[in-house]
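K.L.:
Attaching a single structure in structure tokens format; questions to follow.
Rule-based calculations on the coordinates, nothing more; no lab input. Quick caveat, the model's predicted, so the values are computed rather than measured. Here the Cβ positions follow ideal geometry from the backbone for every residue, glycine too, while neighbour counts run over all protein chains shown.
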Amino acid sequence: MALLEISNLTKRFGGLVANNAVSMEVNEGEIVGLIGPNGAGKTTLFNCISGFYSSDGGSVVFEGKDITRSSADQVCREGMGRTFQIVKIFKDMTVLENVMIGAFCRTTSPERARAEALKTLEFVGLVEKRDVPGGSLTIAEQKRLELARAVATQPRLLMLDETMAGLNPMETREAVELLRKINAQGVTLIVVEHVMEAIMTISDRIMVLDYGKKIAEDVPEKIAQNEEVIKAYLGERYYARS
């Protein structure tokens, strides 16, 4: 049984069909990439899976349980964490306090939340910044902080929405290595990303959306050679390099 099963998931905004009967399965331990042009419906799909949006059709099953109508906080408690396309941290709170918020998903004890947050900050390489306001961090550090907060919820599945957007090459390499570390801890990942060198390297499988529909799903090597994907997203330049 797959860890996550999405069947014919559909989301409409008026006359716009943002997700059109999207189906996919994610197995435990995988890193699945989700790519497509801007406006393809990737973030909308994340929002429907994680309970931020109510879908207009289809189902989401996580660990054998139907969570299609669950709220975002319920989905998080079930073991599914996420980050956002636009970083959402508490800028006036310290780095430690930001991550403690995630840790409170699993405990009501401030002492335990603090201990979990410190452990998570050590893991992601931000422990030395624990007492500074979140808003004082660089963009790369803010993205890492949001990731740390999600990790502190102790998810089995983590959905990452453009974690590497805006990073320089060195920061991107560091982000890829951190995602590999998280995956090595037993966390399954779904990663939305436009940085092709990163997503093609890290993913076990890649799913491609275009105009709300799934147009391809395969291993990275085959996705890079898929003519429909090239036409919709990657472009002839990428095809020539591959």
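K.L.:
I need the P(r) histogram for the chain: all alpha carbon pairs, bin width 5 Å from 0 out to the longest distance, whole percents.
P.N.:
1, 7, 14, 18, 19, 17, 12, 8, 4, 1, 0, 0
K.L.:
Under the 0.36 nm per residue contour assumption, what length would be gained going from the current alpha-carbon distance of ASP204 and GLU128 to full extension?
P.N.:
24.1 nm
K.L.:
Give the relative contact order (percent, whole number) for segment 105-207; include only Cα pairs under 8 Å separated by 6+ residues.
P.N.:
25
K.L.:
Also, quick follow-up: Looking at segment 88-154, I'd like the Rg to Rh ratio, where Rg is from alpha-carbon atoms and Rh is Kirkwood's inverse mean 1/r.
P.N.:
0.93
K.L.:
With each run of n ≥ 4 DSSP H residues scored as -39500 (n - 2.57), what mean residue ellipticity at 222 nm is computed for the chain after dividing by its residue count and rounding to the nearest 500 deg cm²/dmol?
P.N.:
After summing the helix terms and dividing by residue count, I get -10000 deg cm²/dmol.
K.L.:
How do the peptides 101-114, 197-210, 74-87 rank, highest first, by the average count of neighbouring beta carbon atoms within 10 Å per residue?
P.N.:
197-210, 74-87, 101-114
K.L.:
Can you tell me the relative contact order of segment 88-154? Whole percent, Cα pairs under 8 Å, sequence separation 6 or more.
P.N.:
Once normalised by length, the contact order is 50 percent.
K.L.:
How far apart, in nm, are two points set 7 Å out from the Cα along the Cα-to-Cβ line at SER59 and at GLN225?
P.N.:
3.7
K.L.:
Mind scanning LYS11/LYS42; LYS143/LYS214; LYS119/LYS181; LYS42/LYS88; LYS91/LYS143 and naming the pairs with a C-alpha gap bigger than 23 Å?
P.N.:
The pairs that break the limit, which is 23 Å between Cα atoms, are LYS143/LYS214.
K.L.:
Give the peptides 146-157, 129-140, 52-63 in descending order of average Cβ contacts within 10 Å, highest first.
P.N.:
Top of the packing list down: 146-157, 52-63, 129-140.
K.L.:
To continue, here is another question. R0 = 45 Å: FRET efficiency of LYS213 with THR138, Cβ-based, nearest 0.05?
P.N.:
E(calc), rounded to 0.05, equals 0.75.
K.L.:
Continuing with the same structure: Stokes-Einstein diffusion coefficient for segment 10-82 at 37 °C in a medium of 0.692 mPa s, Rh from the Kirkwood formula over Cα pairs: what value in µm²/s?
P.N.:
254
K.L.:
Between GLN74 and ASN8, what length in nm is gained on full extension when 0.36 nm per residue of separation is reduced by their alpha carbon distance?
P.N.:
21.6 nm
K.L.:
Using +1 at the C-beta of Lys and Arg and -1 at the C-beta of Asp and Glu, which of ASN168, ILE101, GLY41 has the Cα lying farthest in the positive direction of the dipole of the chain?
P.N.:
ILE101
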